[in-house]
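Below is one structure, written out as structure tokens; comments come after it.
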Amino acid sequence: MDPQLSSKILFIGIDYHNPIGGIASVENEYSKFIRPFKFVRTSSNASQFGKALIAFEGLLRFTWTMLTDRNIRIIHVNAASDASFWRKRMFITLAKIFNKKIVYHNHGGGFKRFTSQHPKAVKNTLAKVDCIVALSEDWVKFFNSETTCRNVRIINNVVSPPQIKPSAEADGMANKTMRLTFLGKITPEKGIYDLLEVISENKDIYNGQIHLSIGGNGETAQLQQHISSHGLENLVTFVGWVNGEKKEELLNDTDVYVLPSYYEGLPISILEAMAHGKAIISTTVGGIPEIVKDDENGFLITPGDKQALKHAIDKLIQNPGIRTKMGKISFQKVQPYFPENVDKSLCNLYRSLL
């Protein structure tokens, strides 16, 4: 991005330096091709008390930046639902006082639920912004129907192409044990326990046929207890939170990426798996159907439909060639989400506001 343009933008959001979660991952990618990358953190992966302190610090830093950096004209707000929304609402009010253009970039898959619970707050807050960035056509329709902002645009989430090539050993294992991978927050809403239930109910059949690697944070103790109590140690491995090279190696070594979520925006983890050329099993929520086409580069199921989840897994076990074909299509479909293409979209958005 042209430095003369990027110097006019201030980003606010969760700390991105050791990214955990989708928003931080997007910010981290932005920081690589947007220079200077002016940023004020409003939260981090700290305790609730720590988050409150960081939010207060962020308000002070934001106000000081508004007073001292007269070059800034656009505030790019990275937000989700619940506490994230309430924090960003304060910054949006301040930005309006300083007469800045405001881009509200919604990342959270739970924002429809949140809006139904707090319709007045959402409507009043988003009436102050100059543009809403949505992650898919489905979300564009939602914001057009639920807000008075008439400038709603799609800016694709951003992922970088893989930096580490698959090993020869990984390439040569397509016809052996099918390796599944799940990455994300360990909660029931992500569908991880549905996946474990399918494996548990069929563990005698799946033994030697599949292996699931789970990476993430959240209910990790409950997850490990579930794996142990259901005797899944031979079929499932919890690898903890993975990032950087460790994540790349895990995705290189997998055959199928599985995310049976109940709600999503547009998951970075799916885009990352597609960038690694993987077949996808996921659900018909949020923007997922716009990047995963059923029976083309993966399989889509209704959230909670464990029979359909089993059917998708079984079909990919029985057809290694389909996995390979779907993976190649995934890589083709993810090209618009690579940095050079997202950079162009962001430049067009900022220039239109200026």
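The values are calculated or read from the model by the stated rules, or taken from the named source; none is laboratory data. Computed from a prediction, not measured in an experiment: that's the story for all the values here. Here the Cβ positions follow ideal geometry from the backbone for every residue, glycine too, while neighbour counts run over all protein chains shown. We work out accessible area using only protein heavy atoms, side chains counted, and drop any ligands, DNA or RNA first. Shrake-Rupley method; radii C 1.70, N 1.55, O 1.52, S 1.80 Å.
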Give region 210-260 a look and list any residue that's without any contact (Cβ under 8 Å) to a residue 12 or more places away in the chain and on the phi < 0 side of the Ramachandran plot, or say none.
-> ALA221, GLN225, SER228, SER229, GLU233, LYS246
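So which helices (runs of 4 or more DSSP H) are wholly in region 116-183 and hold at least 2 residues that are at pLDDT 95 or above? Break it down into steps so the answer makes sense when it comes.
On the way: elements: 119-126, 137-146, 168-171.
Helices (runs of 4 or more DSSP H) meeting the threshold: 119-126, 137-146.
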Of the criteria (1) open to solvent by less than 10 Å² (accessible area, probe 1.4 Å); (2) not in a loop (DSSP other than H, G, I, E, B), which one LYS310 fails = (1)
Criterion: in a loop (DSSP other than H, G, I, E, B), touching a Gly at 6+ places or on another chain (Cβ under 9 Å) and either more than 19 Å from SER6 (Cα to Cα) or open to solvent by less than 50 Å² (accessible area, probe 1.4 Å) (or both) - qualifying residue of ASN78, ASN45 = ASN45
Cβ pairs under 7 Å, 6+ apart or interchain, first in region 2-23 and closer than 19 Å to SER352 by Cβ, second of a type in the set (Asp, Glu), ordered by first then second residue, are PHE11/GLU27
Within region 184-228, how many residues turn out to be assigned to a loop (DSSP other than H, G, I, E, B), open to solvent by 60 Å² or more (accessible area, probe 1.4 Å) and over 21 Å from ARG323 (Cβ atoms)?
-> 1
Take the residues in region 313-324 that are without any contact (Cβ under 8 Å) to a residue 40 or more places away in the chain, more than 14 Å from ASN202 (Cα to Cα) and not in a loop (DSSP other than H, G, I, E, B), then tell me which one is most open to solvent (accessible area, probe 1.4 Å).
-> GLN318
Determine, yes or no, whether GLU290 is modelled with pLDDT under 95 and out of contact with any Asp or Glu (no Cβ under 6 Å at 6 or more places or on another chain).
-> yes
